[in-house]
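The values are calculated or read from the model by the stated rules, or taken from the named source; none is laboratory data. All values derive from a computational prediction rather than experimental measurement. Virtual Cβ from ideal backbone geometry, glycine too; neighbours counted across all protein chains shown. Accessible surface areas use protein heavy atoms only, side chains included; no ligands, DNA or RNA. Shrake-Rupley method; radii C 1.70, N 1.55, O 1.52, S 1.80 Å.
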Amino acid sequence: MKTLEKVSQFAGSTFAVWVLLFAALSFYLPGGFTWIAPYIVPLLGIIMFGMGLTLSKQDFQEVFKRPKDVAIGVGVQFTLMPLLAFLLVTILPVSTEVAVGVILVGCCPGGTSSNVMTYLSKGDTALSVSITAVSTLLAPLFTPLLVWVFASQWLPVSAGDLFASIVKVVLIPILLGLIVQAIFKNKVQATVKALPLVSVISIVAIVAAVVSVNQSQIAETGAAIFAIVVHNLLGYLAGYCLGKLFNMEPAKQRAISIEVGMQNSGLGASLAAVHFNPLAAVPSAIFSVWHNISGPIIATIFRKQKDADTKDTNQNHIKSA
């Protein structure tokens, strides 16, 4: 079990490398990964089940301890990010399917990788986890509604069908995870250590499947890549600025910034594959790859900022003494 735990920790710490590696492999050797495409939805269900296993009472208690902080993060996630996605695909010359795909990701809740990046940035990890949990649980309601509002002018959108899909692949697996955790507490604690490995394999497989199926279209979607990069960076900036606007302490500012900037692109890919043209899943795949480039970069910048602030504070204390 210790060996599995070490392998799992290694997989979690090198997550970005695996996503980039298999995204490249599936792009240049698509035939080796297309077989995964039918399993995208079950793979996302596995990830959400694992999330349910890791959630604790403390995560939900945190929501009630500081509802304002959580509400800011969740509120921006479901208002500003869909609006930014809509504005970008309206301005840029993207196809109908890509426009819907970008909006779909913009309407998704935060992804679990944001929690890891917040931790690496020395941000408020408890706040990040709480925002992810709440936004994910609210996704069956808000994501279909927002996609219908912003994307229906490009393609027909059935909010009811999207709601049913999100309940099936997000809400039910999370609830099952919570139930299993409540019944088999001690046994679950032992298996939770292996979850990073399971999540990494599942997310990498989803990215590889989407990239392989849409290899030729990805090569032609430069505007989509630009939209995704700008959407992500504006999310980081908006979250950070809002944290400052509401006079949050620096650790909270970092958490809000990363939480707002990173979406659950696995959910976006699953919904696109089931409800829209396969090309609509391309933005989600590109998001997955780009998030694992920008996430470590922003985490490093924030961590260095934190270290610099700590050093300045210590020097001021020495001078005053």
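Please find, among I91, I103, the residue that is surrounded by fewer than 23 Cβ atoms within 10 Å (Cβ to Cβ), among the β-branched types (V, I, T) and under 25 Å from A151 (Cβ atoms).
Working: I103 fails: surrounded by fewer than 23 Cβ atoms within 10 Å (Cβ to Cβ).
Testing whether each residue is surrounded by fewer than 23 Cβ atoms within 10 Å (Cβ to Cβ), among the β-branched types (V, I, T) and under 25 Å from A151 (Cβ atoms) leaves just I91.
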State whether the residues of the stretch 245-257 include one that is small (G, A, S), assigned to a helix (DSSP H, G or I) and either open to solvent by 30 Å² or more (accessible area, probe 1.4 Å) or modelled with pLDDT under 85 (or both).
-> no
Here are V102, V169: which of them is of a type in the set (A, V, I, L, M, F, W, C), assigned to a helix (DSSP H, G or I) and under 17 Å from M48 (Cβ atoms)?
-> V169
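Residue by residue, here is whether (1) under 18 Å from N292 (Cβ atoms); (2) in contact with an Asp or Glu (Cβ under 7 Å, 6 or more places away or on another chain); (3) free of Cβ contacts under 8 Å to residues at least 24 places away in the same chain; (4) surrounded by fewer than 24 Cβ atoms within 10 Å (Cβ to Cβ) holds:
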position	(1), (2), (3), (4)
V76	no, no, no, yes
T79	no, no, yes, yes
L84	no, no, no, yes
V98	no, no, no, no
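Tell me which residues, restricted to the stretch 92-120, are over 22 Å from L271 (Cβ atoms), among the hydroxyl-bearing types (S, T, Y) and at pLDDT 80 or above.
T118
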When the stretch 1-43 is checked residue by residue, the ones that are touching a helix residue (DSSP H, G or I) at 6+ places or on another chain (Cβ under 7 Å), within 21 Å of L197 (Cβ to Cβ), of a type in the set (V, I, T) and open to solvent by 30 Å² or more (accessible area, probe 1.4 Å) are V7, V41
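Between D124, D161, which is touching a residue at least 60 places away in the same chain (Cβ under 8 Å), over 24 Å from G177 (Cα atoms), open to solvent by 20 Å² or more (accessible area, probe 1.4 Å) and not basic (K, R)? Don't jump to the end; show me each part of the working.
Details: D161 fails: over 24 Å from G177 (Cα atoms).
Of D124, D161, the one residue that is touching a residue at least 60 places away in the same chain (Cβ under 8 Å), over 24 Å from G177 (Cα atoms), open to solvent by 20 Å² or more (accessible area, probe 1.4 Å) and not basic (K, R) is D124.
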Expected single match for within 19 Å of P140 (Cβ to Cβ), aliphatic (A, V, I, L, M), surrounded by fewer than 19 Cβ atoms within 10 Å (Cβ to Cβ) and in contact (Cβ under 8 Å) with a residue 12 or more places away in the chain among V70, V63 is V63
Search the stretch 284-301 for residues that are closer than 14 Å to H231 by Cα and pair each with any residue that is assigned to a helix (DSSP H, G or I) and among the aromatic types (F, W, Y) when their beta-carbon atoms are under 8 Å apart and the residues are at least 6 apart or on different chains.
-> S294/Y236
